[in-house]
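The values are calculated or read from the model by the stated rules, or taken from the named source; none is laboratory data. Only a predicted model underlies this, so the values are computations on that prediction, with no experimental measurement involved. Using ideal geometry, Cβ is built from the backbone for each residue, glycine included, and neighbour counts are taken over all protein chains shown. Ligands, DNA and RNA are stripped out before the accessible areas are found, and what is left, the full protein with its side chains, is counted by its heavy atoms. Shrake-Rupley method; radii C 1.70, N 1.55, O 1.52, S 1.80 Å.
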Amino acid sequence: MATTDDAPRRDEQLQRRLARGEETALGELYDQLAPMVHGLAGRILADQSAAAQLTREIFAHVWEHPEAFDPARGSLRSWLGALTHRRAVDRLRARRAEAAGWAGPAEEDEIRTVATAARVQYVVSALPQPLRETIAESYYDGRTYQETARRLGISEQAAKQRMRLGLALLATELEQERERHRPAAPAAGGPRDGLTDARGTDAGGTNGPGACENGQRTEGGGT
């Protein structure tokens, strides 16, 4: 999550570098966000191999389609989070349906619960350390403000302020990710959303990981 005023400008600069085909830009983005993308995918899929595969596909999509990122709708991190969340949930749903023959209401409820918890953790992981540790103590571990203050060596008032600010930032970022999660209205005769290329195919599919791993951009998303 961007926490400084120049973060949006850095995102736009990184996008322009990706559009020019600068492999170093992809490397910087990968080093910065791949652990969190992999963590989000892993929490939803509960399969580290599948999470690694999805992570490669996500960054292949960024490499092949940097124009799909719209700075006006939020940060690069939020965009990657929404993209990862959507694809991971789709794969989890498909996997459950294949195993059970169909996905009933109970399965869907479980998938939504897992996905929501994973998205919250993804957002919390980007909060500044003081806010992150306060939320971990109070929100996740169920401790009171007094207990949290004692454990962190801060005043009770400081613990309350950190918790309120952290939850406010969390709510803002989750709303931003929900906006990312909603597909854009389809243009007449165009693809359904920003995750498809001009031919209506998923740019993070079969050809994506290869493009990401060997550092070569595949024009038009592959053959």
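For the reader, a short list of remarks on this structure follows.
- Between Glu23 and Glu133, the C-beta separation translates, for a Förster distance of 22 Å, into a calculated FRET efficiency of about 0.05.
- Per-residue packing, averaged as other Cβ atoms within 10 Å, sorts the ranges 85-95, 109-119 into the order 85-95, 109-119, beginning with the highest.
- Protection-proxy order for peptides 12-18, 41-47, each taking the mean of Cβ atoms within 10 Å per residue, highest first: 41-47, 12-18
- Each peptide in 71-81, 152-162 receives the mean, over its residues, of other Cβ atoms within 10 Å, and ordering these scores from highest gives 71-81, 152-162.
- Rounded, prolate or oblate (a/c below 1.5 giving rounded, otherwise prolate when a/b exceeds b/c) for segment 35-135 by Cα gyration tensor: oblate
- Spin-label model, Ser155/Asp47: points 7 Å from Cα along the beta carbon direction are separated by 5.2 nm.
- Annotation: Tyr30 carries an accessible surface of approximately 100 Å², with a 1.4 Å probe and no ligand, DNA or RNA atoms counted.
- Here the Karplus relation 6.51 cos²θ - 1.76 cosθ + 1.60, evaluated at θ = phi - 60°, turns the backbone of segment 142-155 into coupling constants of x, 8, 6, 4, 5, 5, 4, 4, 5, 5, 8, x, 10, 6 Hz, with x for every Gly and Pro.
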